[in-house]
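Data block below; observations after.
The values are calculated or read from the model by the stated rules, or taken from the named source; none is laboratory data. All values reported here derive from a predicted model rather than from experimental measurement. In this analysis, Cβ positions are derived from the backbone assuming ideal geometry, glycine residues included, and neighbour counts consider all displayed protein chains.
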Amino acid sequence: MAIPGARIVSEYADRMRATLRAVGEISITAGLILMLFCAYLLWGTGAYTQSQQALLRRELDTRKEPTRQVKPGQAVAMLRIPKLGDDYRYAVVEGVGAEQLKKGPGHYPKSAMPGQIGNFVLSGHRTTYAAPFNEIDELERDDEIIVEAREARYVYRVTSQDIVEPDEIEVLAPVPGKPDISPIRAFITLSTCHPEYSAAERLIVYGVLKTTEPREE
Amino acid sequence: MYAWLWRMLPGRPLTRALTAAVLVAVVGAVLWYAVFPLLEPAVTLDEVTVRE
């Protein structure tokens with residue numbers, strides 16, 4: 001015996017099933033694409049940085065002009081942090097615009113040059129674009145930060161770490177944190193995002209110049 | 001959607017599976033090399049500078 005209306009109910013159920021399946025398939029696809037995008041951010045962006053680093057290194061090797069004449073986008077010096085590995089080497093690029101930071105750690109153009117009195121300020125990515133500053137939270141007091149410029153090798157030692165708001169520009173001052181005082185020493189300041197994968201705050205590592213070793217021509 | 005795509009692919013199941021794999025690779029490559037680089041600047045998970 002046919003139940004009145006059963007056919008309509010079954011047609012409705014078929015349509016419902018097809019719609020749900022389509023929604024499910026689209027959701028799964030969107031999820032996979034999102035995962036791929038995360039992988040791209042974490043690892044894919046690094047390929048660009050690696051290729052740009054090779055160019056910047058070549059530029060450092062052949063540089064004739066003094067470091068202070070560097071223009072935005074050019075290589076400033078080589079940054080080495082032995083605590084983060086013997087092979088930890090990044091060519092520092094002049095400028096902290098988005099395009100420059102994609103190439104490697106960037107130098108604030110208005111801050112001091114390597115080894116000079118004042119504050120040599122660098123920013124670097126923490127999770128994307130090869131993540132040069134991923135592990136700077138591991139730096140402790142007296143760890144060395146080495147900056148190899150054309151004219152000399154500057155060895156800074158870490159003094160402290162801090163976590164600040166993104167607009168706390170006092171950390172960029174010639175004497176970090178004390179904008180009203182004029183400097184008599186050479187400082188270094190590294191900044192990156194904090195916590196990891198977030199733009200909420202900034203992690204800051206401070207250091208002071210320990211030794212300067214002029215390079216032979 | 002995927003069932004429909006599978007029906008649209010020509011040939012035996014093995015040929016279809018290979019064609020599907022190639023299609024997936026092509027879509028992945030287009031996303032990775034063309035679409036993601038355009039989307040990336042909009043993601044600000046890795047803001048590293050201090051500014052006003």
**Study point:** For A:M35: the one exception among (1) surrounded by fewer than 18 Cβ atoms within 10 Å (Cβ to Cβ); (2) more than 14 Å from every other protein chain (Cβ to nearest Cβ); (3) under 18 Å from A:T128 (Cα atoms)
**Key:** (2)
Check your understanding: Would segment A:83-105 turn up any residue that is away from chain B (no Cβ under 14 Å), hydrophobic (A, V, I, L, M, F, W, C), touching a residue at least 12 places away in the same chain (Cβ under 8 Å) and touching a His at 6+ places or on another chain (Cβ under 9 Å)?
Key -> no
Point to revise | Lone unmet requirement of (1) surrounded by 12 or more Cβ atoms within 10 Å (Cβ to Cβ); (2) not in a helix (DSSP H, G or I) for A:T49 | key: (2)
Review point. What residue, among those in segment A:55-80 that are of a type in the set (A, V, I, L, M) and within 18 Å of A:Y129 (Cα to Cα), is surrounded by the fewest Cβ atoms within 10 Å (Cβ to Cβ)?
Key: A:L55
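So is A:P195 out of contact with any Leu (no Cβ under 8 Å at 6 or more places or on another chain) and touching a residue at least 60 places away in the same chain (Cβ under 8 Å) or not?
Working: out of contact with any Leu (no Cβ under 8 Å at 6 or more places or on another chain): yes; touching a residue at least 60 places away in the same chain (Cβ under 8 Å): no.
Judged against the criteria, A:P195 is not a match.
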Revision key, fill the gap. Note: among B:T15, B:T49, just one is surrounded by 13 or more Cβ atoms within 10 Å (Cβ to Cβ), polar (S, T, N, Q) and either in a helix (DSSP H, G or I) or at pLDDT below 95 (or both), namely B:T49
Point to revise | Residue count, segment B:34-52 (criterion: under 30 Å from B:W6 (Cβ atoms) and more than 9 Å from chain A (Cβ to nearest Cβ)) | key: 1
